[in-house]
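Q: Below: one structure in structure tokens.
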Amino acid sequence: MPEFKLPTPDAAAYAAARAHQNQLTKPTGSLGMLEDVACRFASWQGQAVPQLPKAAITVFAADHGVTAEGVSAYPSAVTAEMVKNFAAGGAAICVLARQHDARLEVVDVGVASPLPVLPGVIISARVAPGTRNLAREAAMTQAQVDAALDAGRAAARRAVEAGAGVLVAGEMGIGNTTPSAALICHFCTLAPAAVVGRGTGVDDQALALKTRIVEQALTRLPAGADARRVLAEVGGLEIAAMAGFYLEGARLGVPSVVDGFIAAAAALAACAMVPGLEHWLLASHRSQETGHQAALAHLGLAPMVDLGLRLGEGSGAALVLPLIASALQLHAGMATFASAGVSDKA
């Protein structure tokens, strides 16, 4: 992957936006996190009063060899079946994209079963028919990691070229909470028991198995292994693609709203590759999946909402798009104390 140089969010625009917030007809700080969201968008757009951006959602799909170990409550065939559901408009993320008038694209980076290519809906960027079984060997080769990263970068470019000013990456891949847990354990230096969760709803026996698999897989990673090596050993094709998506979006000056557990794992890998990326990320929600809060804390991100979600697909990130819109509209539309003739605090 080529060297990345990320732009720096505009500190002067952030300060100007904060000063503007403090002049609006409300007690200082009374809109809570919405104030900071508006100021961060000001820093990303380089203007004190940011414009409401168009949103683009990209869902990356791939299968995982580790499902052969019984770590998921659903069979691998569901990945391809759900991608077809995306194409038909029947998935949760499809409903949310329509509701918020967001561009939606689904990218096949490694679904085991061949899928139809539907221009403008399903994009084929297949690297392999899923990963190998990380319980027994490296999930990917380094070349496959780089190809998946490139697929994510290309998807971000398509979204930005189509006019997006804020990006959402989602995923579909049965078994992908296992590699995500391994990535979070590695990058946050956490024990698997503190991170591995039930994913699609596995029972206690499968949860214990999943934890042992993550423990054993992590022993293959030497201390100080670089992020691309970590992705190759215990990652996933769609996870690597999401990391590339975040990186390219930031390189183009467009922020990403990070979804849940899998998205946080991808963000950790991307931030390990290019420090400073976290300044271009906004956390949407706190997932019900174990370990997600620790991943967000490591990234220095605070979630906007906590709704007990664990769906994936980018759904949690899509759900906060109206909150982002409200934050920006309040910032731009409220009167100041001076313009309204309202007395400021003494």
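Q: Check off (1) in a helix (DSSP H, G or I); (2) of a type outside the set (Gly, Ala, Ser); (3) at pLDDT below 95 for Arg198 and give me the number that stays unchecked.
A: (1)
Q: Among all residue pairs at least 6 apart or on different chains, which show Cβ distances below 9 Å where the first residue, located in segment 186-205, is within 28 Å of Ala223 (Cβ to Cβ) and the second is among the aromatic types (Phe, Trp, Tyr)?
A: Listed by first residue and then by second, the contacts come to Gly197/Phe261; Gly199/Phe261.
Q: Got a sec? Which of Thr58, Thr25, Thr67 is touching a Gly at 6+ places or on another chain (Cβ under 6 Å) and touching a residue at least 60 places away in the same chain (Cβ under 8 Å)? It would help to see each step written out before you state the result.
A: Working: Thr58 fails: touching a Gly at 6+ places or on another chain (Cβ under 6 Å); Thr25 fails: touching a Gly at 6+ places or on another chain (Cβ under 6 Å).
None of the others qualify; the one that does is Thr67.
To keep it simple, each residue is scored yes or no on (1) closer than 24 Å to Pro53 by Cα; (2) at pLDDT 95 or above; (3) touching a Pro at 6+ places or on another chain (Cβ under 7 Å).
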residue	(1), (2), (3)
Asp108	no, yes, no
Val121	yes, no, no
Val127	no, yes, no
Met140	no, yes, no
Gly152	yes, yes, no
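Q: If Gly152 passes every condition in (1) within 16 Å of the chain's Cα centre (by Cα); (2) closer than 29 Å to Arg212 by Cβ; (3) part of a helix (DSSP H, G or I) but one, which one does it miss?
A: With (1) within 16 Å of the chain's Cα centre (by Cα); (2) closer than 29 Å to Arg212 by Cβ; (3) part of a helix (DSSP H, G or I) applied to Gly152, the lone miss is (2).
Q: Can you find a residue that is in the same structural domain as Arg126 (by TED's automatic domain parsing), over 30 Å from Ala42 (Cβ atoms) and among the acidic types (Asp, Glu) anywhere in segment 240-256?
A: no
Q: Among (1) in the same structural domain as Gly235 (by TED's automatic domain parsing); (2) surrounded by fewer than 21 Cβ atoms within 10 Å (Cβ to Cβ); (3) over 20 Å from Ala263 (Cβ atoms), there is one condition His100 misses while meeting the rest; what is its number?
A: Condition not satisfied by His100: (3).
Q: Out of Asp36, Asp10, I need the residue that is within 22 Å of the chain's Cα centre (by Cα), closer than 30 Å to Lys345 by Cα and acidic (Asp, Glu). Which one?
A: None of the others qualify; the one that does is Asp36.
The values are calculated or read from the model by the stated rules, or taken from the named source; none is laboratory data. Owing to the predicted nature of the structure, the values given are computational and were not obtained by experimental measurement. Every residue, glycine as well, gets a Cβ built from its backbone with ideal geometry; the counts of neighbours run over all protein chains shown.
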